[in-house]
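This report concerns only the one structure given below.
The values are calculated or read from the model by the stated rules, or taken from the named source; none is laboratory data. Values in this document were obtained by computation on a predicted structure and should not be read as measured data. Neighbour counts run over all protein chains shown; Cβ positions are idealised from the backbone, glycine included. We work out accessible area using only protein heavy atoms, side chains counted, and drop any ligands, DNA or RNA first. Shrake-Rupley method; radii C 1.70, N 1.55, O 1.52, S 1.80 Å.
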Amino acid sequence: MSNILVCAFPNPGHVTPMLSVGLHLASLGHTVIFHTGEVFRSQVETAGLRFAAMTGRANIDYRDPGNSAEREKLPERDRILHHLKYWFIDPLPDQHRRLQQILEETPVDLILTSSMYLGCFPMLLGAGLGTRLGPREDRPPVIGCGVTPLILRSIDCGLTSHDATPEGRKRNQEEHLLLERVFQPIADQLNLALAECGAPSISGFWADSIYTVPDLFLQFTGDEFEFPRSDMPSKVRFVGPVLPNKPAAFKEPAWWSELDGSKPVVLVTQGTLANFDLQELVQPALAALADDDVLVIAATGRADAGDIVAPANAKVEAFVPFVPLLPKVDVLITNGGYGAVQQALSFGVPLVAAGDTEEKAFTAARVGWTGAGINLGTRRPAPEQIRAAVQTVLAGSQYREQAQRLQKNFSRYDALAEIARSVNTLIANTKDSRMTDAPHPIV
């Protein structure tokens, strides 16, 4: 068996699926080191994996991201650029330095990274690995893991739309050129961070490198949830969603018996990152459905419920495991968290999506494109918008049928088994290649 290093950007949406992957690989006999922020130490060690903490600016506590209130006052474009720099570019040099330390101290046969962990980039681009590791080509192979929607450019689609007609491809190209100009500051900052690590610059659109720089990229969804791309790189493969396990210690809340099918159940969540202001979606959803004959469950994703006002037909919980809950849910209202959407569709649950932070606009666009739900196109929908969308989804069968179509597509995959096969194959191929390339001894 091999030594596997799992590197996860320190956010629950990244850590949760990567921890499931790490535990599966450990169950097969691999030795797994899990590298993420200190805030997740207890979760990783309780799961039985060896923990390696991030340090410096890489050691972000997602619950306290600093001047979040000030960032929210920025114009949308500046807010997005600031967000990308703060979360993903600024930590890169410290990610790289800590990664080199781990590799110097511990033999590693392969590295798995969540999609926005960029600390492997300097090594992948040829930065030195230290004396013990020998030549640069002896680096461990790296598999990127897509825990967010693909933001890989294609002639067939933009980031939030698909159109492979000649006219559509022309519009897509124009959008790509605009994106490059808008995100040039991020490309410049990324290249400065790489230079600090002794690595060459990225050429082309910086986000494409998330998929093209690793040796292999495994996207954690089914192919029918993504825009078709005739120019998809061969190293990008779909493996299906990675779902969390049902918690062994889960205790059903007192209201669980009300999930008896007597009325529709609506679940609303803002996830675990974009939930600083529950007035964006959770509170409007509660207000929207207060007078409807439905049971509303609000999962706030944080220890306190802030200033939430819950109507009589609502249950407000900090955390509710979705795996046992979703089979009883009729509609999920979400701000577009990738993991929550994948879980809902795995159970054939249709959605109402309302998000435009992080990658959420891209996820919401795919919800609308697949027909598995309604994309409201904003992170601050009015209660009237939410109520109309929920009633539309509940009134007919079309959204549930499309959600069930994706459920069927997802069921064709066994994500953990496919990831394990990819890990074993890449390790074996790397070892074979090094043996073939090694100089023959002189007899």
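On the accessible surface of the stretch 241-331, probed at 1.4 Å, how many percent belong to carbon and sulfur atoms?
Numbers: 2080 of 4040 Å².
Answer for the stretch 241-331: carbon and sulfur cover 52 percent of the accessible area.
So, counting K/R as plus one and D/E as minus one, what does the shell of residues with Cβ under 13 Å around R181 add up to? Don't skip to the answer; put the middle values down first.
Details: positive: R77; negative: E174, E175, E180, D188.
Net charge in that neighbourhood comes out at -3.
For the stretch 228-294 and the stretch 36-64, what is the separation of their C-alpha centers, rounded to whole Å?
When both Cα centres are located, 25 Å separates them.
Would you list H162, H176 from the most to the least accessible area, probe 1.4 Å?
Values: H162 65, H176 10 Å².
Accessible-area ranking of H162, H176, largest first: H162, H176.
Who wins for biggest fluctuation among A382, A318, A52 in a Gaussian network model of the chain, springs between alpha carbons below 10 Å?
A318
Could you sort V142, V309 by their accessible area in this structure, using a 1.4 Å probe and putting the largest first? Let's see the in-between values first.
Values: V142 0, V309 100 Å².
Sorted descending by solvent-accessible area, the residues read V309, V142.
So what are the stretch 339-443's ellipsoid semi-axes, whole angstrom, largest first, if each one is the square root of 5 times an eigenvalue of the alpha-carbon gyration tensor? Numbers along the way, then the final one.
Values: eigenvalues 423, 55, 13 Å².
Each semi-axis is √(5λ); the values are 46, 17, 8 Å.
Could you work out the local net charge near L192, counting Lys and Arg as +1, Asp and Glu as -1, over the other residues with Cβ closer than 15 Å to its Cβ? Present the calculation step by step, with values, prior to reporting the outcome.
Details: positive: R57, K85; negative: D90, D94, D188, E196.
Neighbour charge sum, excluding L192 itself: -2.
So which of K235/K431; K251/K315; K73/K315; K73/K360; K246/K408 end up more than 24 Å apart, counting from Cα to Cα?
Working: K235/K431 19 Å; K251/K315 16 Å; K73/K315 31 Å; K73/K360 19 Å; K246/K408 21 Å.
K73/K315, as the Cα separations exceed 24 Å there.
Over the stretch 9-57, what percent of the accessible surface lies on carbon and sulfur atoms, probe 1.4 Å?
On the way: 920 of 1790 Å².
On the stretch 9-57, the fraction of accessible area on carbon and sulfur atoms equals 51 percent.
When the helices in the chain are scored as -39500 (n - 2.57) per DSSP H run of 4 or longer and the sum is shared across all residues, what 222 nm value do you end up with, to the nearest 500 deg cm²/dmol?
Values: 16 runs with 170 residues, N = 443.
Per the formula, -11500 deg cm²/dmol.
How many times 2.2 N^0.38 Å is the alpha carbon radius of gyration of the stretch 254-335?
Values: Rg = 11.7 Å, N = 82, 2.2 N^0.38 = 11.7 Å.
Here the answer is 0.99, to two decimals.
Report the accessible area of H24, computed with a 1.4 Å probe over the heavy atoms of all protein chains in place, in Å² rounded to the nearest 10.
That residue has around 50 Å² of solvent-accessible surface.
Using a Gaussian network for the chain with springs between C-alpha atoms less than 10 Å apart, which of these wobbles most: L218, L25, L74?
Ranking L218, L25, L74 by mean-square fluctuation puts L74 first.
Let me know the shape class of the stretch 293-404, please: from the alpha-carbon gyration tensor, a ≥ b ≥ c as square roots of the eigenvalues, rounded when a/c is under 1.5, otherwise prolate if a/b is greater than b/c, or oblate. Write down the numbers at each step before the final one.
Values: a/c = 1.34, a/b = 1.26, b/c = 1.07.
Since a/c stays below 1.5, the shape of the stretch 293-404 is classed as rounded.
First obtain the Kirkwood hydrodynamic radius of the chain from its Cα pairs, then insert it into the Stokes-Einstein equation at 20 °C and 1.002 mPa s, and state the resulting D in µm² per second as a whole number.
Calculated translational D: 94 µm²/s.
Once ligands and nucleic acids are excluded and a 1.4 Å probe is used, how much of L267 is accessible, expressed in Å² to the nearest 10?
Roughly 0 Å² of L267 is accessible to a 1.4 Å probe.
What Kirkwood Rh does the stretch 189-263 have if only Cα atoms enter the pairwise 1/r average? Answer in Å.
Working: mean 1/r = 0.0587 Å⁻¹.
The Cα-based Kirkwood calculation yields 17.0 Å.
Please turn the phi angles of the stretch 11-24 into ³J(HN,Hα) values with the Karplus equation 6.51 cos²θ - 1.76 cosθ + 1.60 (θ = phi - 60°), one per residue in order, whole Hz, x for glycine and proline.
9, x, x, 9, 5, 4, x, 5, 5, 4, 5, x, 5, 5
Note down the accessible area of W206, probe 1.4 Å, to the nearest 10 Å².
20 Å²
Percent antiparallel among DSSP beta bridges with both residues in the chain, to the nearest 5?
Working: 2 of 45 bridges.
Roughly 5 percent of the DSSP beta bridges within the chain come out antiparallel.
Running a GNM on the chain with Cα contacts under 10 Å, which residue among T425, T46, T160 ends up with the highest mean-square fluctuation?
The residue that fluctuates most here is T46.
Just want to confirm a number: the relative contact order over the stretch 133-286, from Cα pairs under 8 angstrom separated by 6+ residues, in percent.
On the way: 137 pairs, mean separation 35.6, N = 154.
Relative contact order here is 23 percent.
Using Cα centres only, tell me the gap between the stretch 379-434 and the stretch 133-198 in whole Å.
22 Å
Where Lys and Arg each count +1 and Asp and Glu each count -1, what net charge lies around A372 among other residues with Cβ under 11 Å from its Cβ? Spell out each step's value before the answer.
On the way: positive: R366, R400, R405; negative: E224, E401.
The answer is +1.
Arrange the residues E167, E317, E45 by how much accessible surface each exposes, largest first, with a 1.4 angstrom probe. Could the numbers behind the result be given before it?
Values: E167 115, E317 55, E45 90 Å².
Largest to smallest exposure gives the sequence E167, E45, E317.
Per residue, how much accessible area does the chain have with a 1.4 Å probe, in Å²? Could you put the intermediate results ahead of the total?
Numbers: 18750 Å² over 443 residues.
I get 42 Å² per residue for the chain.
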